[in-house]
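Written out below as structure tokens is the structure these notes cover.
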Amino acid sequence: MSDFQLYFETGLWHVLNKGALDHILFLIVLTLPYAFKEWRKVLLLVTLFTIGHTMSLILSVFGIIKINTVVTEFLIPLTILATAFYNIIIYRKKQSRGNENSVNFIAIVTLFFGIIHGLGFFSFFKIHFFEAPEDSLVPVLEFSLGIEAAQVVVIIAVLLLSAIAEQFFRVSRRDWILVISSFVTGVVVPMIIDSEIW
């Protein structure tokens, strides 16, 4: 197995496995508000998330950022909860986001959340894949490509499920977003309550 394949697959399975529920839940609530025809906006958002994720890994590898793992593991479900709440608040008032300001706001928040999620994976990456920081840049980028590919798989699945719910089961977009965001909230709150930070 080549180094590229190793790091790419590590990134891919970092997202596409049952232990990555937090990552998948975040992608679900991030994607929910968008229709299939808006796939470019969603792809931009997940790419920003990957950029944030990659930035925090690189900064951590070189010792520029250091953060307690317990704090990071607490912040990750908070990012999911914040995104789900945003969906609930926005869609209780109107059918769609509908303006560029909210897209820009979500883009900035998504980049920041990517940074937080990347910090959560640093210790595993460091222990298993490299010893010297100068040897880590290429593996981090290869790993990030795997994450991006996995995220594309998840967002396509969410966009398809949303389209099926709306077209075949006649569920309104507003109801779909409110129900799924509320479900994700119900899953994430126990993660926050059970956090080691308490």
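Summary table
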| read-out | value |
| --- | --- |
| For Thr185, Thr79, order by how many other beta-carbon atoms lie within 10 Å, fewest first | Thr185, Thr79 |
| Residue-wise HN-Hα coupling along region 150-158, computed from phi with Karplus coefficients 6.51, -1.76, 1.60 (Hz; x: Gly, Pro) | 5, 5, 4, 4, 5, 5, 5, 4, 5 |
| Low-density loop positions, GluC sites (Glu not before Pro), region 128-198 - DSSP coil, at most 12 other Cβ in 10 Å | Glu131, Glu196 |
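Quick note: the coordinates plus some simple rules give every number you see, no bench work behind them. Please read these numbers as outputs of a predicted model, since none were measured by experiment. Note: ideal-geometry Cβ built from the backbone for every residue, glycine included; neighbour counts use all protein chains shown.
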